[in-house]
Amino acid sequence: MFHEWLGHNRSDQQIQEGLTKTRERVAKHREQKRNALQGDEVTRYSETGNAHGNGVRQDKTREEEGLEVKVTSGGTEKEPPRLETSIPRHVIDSTWGPQNRHRAYCATNGLNLARETERFRADARSKRKARIDWDAEFDLWLSRSAEYAEKDAKADARPGSSVWDRDVTGQGARA
């Protein structure tokens with residue numbers, strides 16, 4: 001026997017009552033959710049916000065399909081729906097290659113086009129990327145590569161800034 005056990009802990013009866021109430025509450029919530037998915041004119045979220053508590057609910061009536069409603073102290077404000085593209089995305093094709101503008105960009109910025117192309121293809125395949133426009137994606141790739149090359153050139157210009165310029169002890173240049 002523990003002294004004043006029930007003063008600090010719940011009894012078995014209290015635990016069982018809590019579990020029963022939780023089961024009933026969850027069953028009621030699931031039933032409401034099922035009915036909301038089947039009904040046409042049912043609001044899925046409460047006026048005070050969604051489950052995340054951010055004050056945004058989605059009113060799924062037929063008249064307001066797709067409109068997000070922000071609940072404010074003065075009422076509600078409707079926002080336009082977020083548009084999703086219907087253009088299909090696809091993985092990179094084995095026949096894809098750089099365009100003339102990519103060649104010109106590499107020549108201007110001192111990038112190795114063949115190396116960047118192979119790295120780009122390998123990255124796309126390894127991550128199973130699906131994109132709408134692979135040429136535009138390669139434009140971004142090249143611009144980032146040019147930025148990295150510029151940062152590396154600035155770092156290499158500083159004496160002793162590269163780990164390859166120092167010996168094991170960190171003193172002086174390698175022979």
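Quick notes on this structure:
- Subset tally (residues that are open to solvent by 50 Å² or more (accessible area, probe 1.4 Å), part of a helix (DSSP H, G or I) and among the acidic types (Asp, Glu)) for segment 111-149: 3
- Considering segment 91-110, and only residues there that are among the aliphatic types (A, V, I, L, M) and over 20 Å from GLU147 (Cβ atoms), the residue that is surrounded by the most Cβ atoms within 10 Å (Cβ to Cβ) turns out to be ILE92.
The values are calculated or read from the model by the stated rules, or taken from the named source; none is laboratory data. Predicted, not measured: the structure shown is a model, and the values here were computed from it. Because the Cβ atoms are built from the backbone with ideal geometry, glycine has one as well, and the counts that use them run over all protein chains shown. SASA here: full protein model, heavy atoms, side chains in, ligands and nucleic acids out. Shrake-Rupley method; radii C 1.70, N 1.55, O 1.52, S 1.80 Å.
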